[in-house]
1. Looking at GLU130, GLU135, which is the one that is touching a His at 6+ places or on another chain (Cβ under 9 Å), of a type outside the set (A, V, I, L, M) and modelled with pLDDT of 90 or more?
2. Starting from the range 189-216, keep only residues that are part of a strand (DSSP E or B), then list their pairs with residues that are surrounded by 15 or more Cβ atoms within 10 Å (Cβ to Cβ) and of a type in the set (S, T, N, Q) whose Cβ atoms are within a distance under 8 Å, requiring at least 6 positions of separation or different chains.
3. Taking GLY12 as meeting all but one of (1) within 12 Å of the ligand (Cβ to nearest atom); (2) at pLDDT 95 or above, write down the number of the exception.
4. Please find, within the range 19-36, the residue that is farthest from the ligand (Cβ to nearest atom) out of those that are among the aliphatic types (A, V, I, L, M) and buried (at least 18 other Cβ atoms within 10 Å of the Cβ).
5. Here's a check for you: in the range 161-191, which residue that is within 16 Å of the ligand (Cβ to nearest atom) and buried (at least 22 other Cβ atoms within 10 Å of the Cβ) is farthest from GLY121 (Cα to Cα)?
6. So which residues in the range 1-58 are among the charged types (D, E, K, R) and part of a loop (DSSP other than H, G, I, E, B)?
7. Considering only residues that are assigned to a loop (DSSP other than H, G, I, E, B) and either farther than 12 Å from PHE89 by Cα or in contact with a strand residue (DSSP E or B) (Cβ under 8 Å, 6 or more places away or on another chain) (or both), which ones fall in the range 132-143?
Amino acid sequence: MIELRDVAYSYGGGELFSGLSLSLAPGSFHFLTGPSGAGKTTLLKLCYGDLVPTSGEVAFWGEATTGMARDALALNRRRIGVVHQDCQFLDHLPLAENVALPLTVAGRHHEAAAYLPDLLGWVGLTRHAERRPPELSGGERQRAALARAVIMSPEVIIADEPTGNIDWEMSQRLLSLLVELNRMGKAVLIATHDLNLIRAAKAQVSVRTLRLKDRQLIAAGADL
Ligand SMILES: Nc1ncnc2c1ncn2[C@@H]1O[C@H](COP(=O)(O)OP(=O)(O)OP(=O)(O)O)[C@@H](O)[C@H]1O
């Protein structure tokens with residue numbers, strides 16, 4: 001689905017990482033850990049096509065993104081649902097409209113009525129549909145961000161620190177939604193500092209934990 005092949009990235013200074021390869025297969029569940037500043041968010045951005053590697057190659061569904069026509073790239077990116085670290089809502093719009101935004105942007109706003117009720121119910125936010133994002137708790141915002149990430153029925157879900165600012169109970173709730181998506185066959189990739197979250201996931205699904213450190217991506221120890 002998504003493949004990084006011998007990838008390096010630099011923001012202009014030294015290389016953040018190099019020689020890095022990663023393959024996200026259907027139904028896989030990966031965690032990405034590593035010290036702050038190691039490049040986890042950057043690596044996720046390479047995976048969803050927000051950044052282009054300084055060397056090496058990114059392939060979406062078997063096709064290299066280098067030289068891919070803009071339309072084809074956009075279509076592939078719609079197959080990837082992203083939960084951003086800071087959620088990135090439009091604060092002046094009600095929650096329901098924020099969640100439906102990917103459909104609106106794709107010119108399919110009329111489909112929102114068919115998907116939204118179930119989706120908001122799934123993340124437990126039905127009664128908050130008309131609230132603005134600043135009126136929601138951190139956990140509610142994260143669940144709304146997940147609902148928005150899956151409204152286009154993506155095949156891959158990428159989440160950047162989805163439980164960063166929420167309590168353990170809410171983290172568990174969010175994790176169970178991600179596990180549910182994975183059991184439906186979706187590939188999941190989560191960047192996190194939260195080792196307890198990884199342990200909790202391991203009790204439910206088969207996960208692979210990768211650690212980004214010293215410019216390299218390594219498999220994390222079995223003690224996690
Ligand atoms: N747009 C940018 N321009 C220049 N440098 C950047 C940019 N974005 C990130 N960096 C730098 O790249 C490095 C990696 O950042 P990144 O956000 O990928 O790390 P991270 O592992 O996700 O960190 P954290 O765990 O703190 O979120 C950091 O040193 C950061 O300051």
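The values are calculated or read from the model by the stated rules, or taken from the named source; none is laboratory data. On a predicted model such as this, the values are computed, not experimentally measured, just so you know. Quick reminder, even Gly has a Cβ in these numbers, built from the backbone with ideal geometry, and neighbours come from all protein chains shown.
1. On the way: GLU130 fails: touching a His at 6+ places or on another chain (Cβ under 9 Å).
On inspection, the qualifying residue turns out to be GLU135.
2. Close Cβ pairs (under 8 Å, with a partner that is surrounded by 15 or more Cβ atoms within 10 Å (Cβ to Cβ) and of a type in the set (S, T, N, Q)) amount to ALA191/THR33; ALA191/THR41; ARG208/SER28; THR209/THR33; LEU210/THR33; ARG211/THR33; LEU212/THR33.
3. Only one criterion is unmet by GLY12, namely (2).
4. Start the filter on the range 19-36 by keeping residues that are among the aliphatic types (A, V, I, L, M), which leaves 20, 22, 24-25, 32.
Pick out the ones that are also buried (at least 18 other Cβ atoms within 10 Å of the Cβ) and you get 20, 22, 24, 32.
Details: LEU20: 13, LEU22: 15, LEU24: 18, LEU32: 9 Å.
Of everything passing the filter in the range 19-36, LEU24 is farthest from the ligand (Cβ to nearest atom).
5. Ranking the candidates gives ALA191 first.
6. Narrowing the range 1-58 to residues among the charged types (D, E, K, R): 3, 5-6, 15, 40, 45, 50, 57.
Passing the criteria: only ASP50.
7. Here is the first cut: in the range 132-143, the residues assigned to a loop (DSSP other than H, G, I, E, B) are 132, 136-137.
Selection gives SER137 alone.
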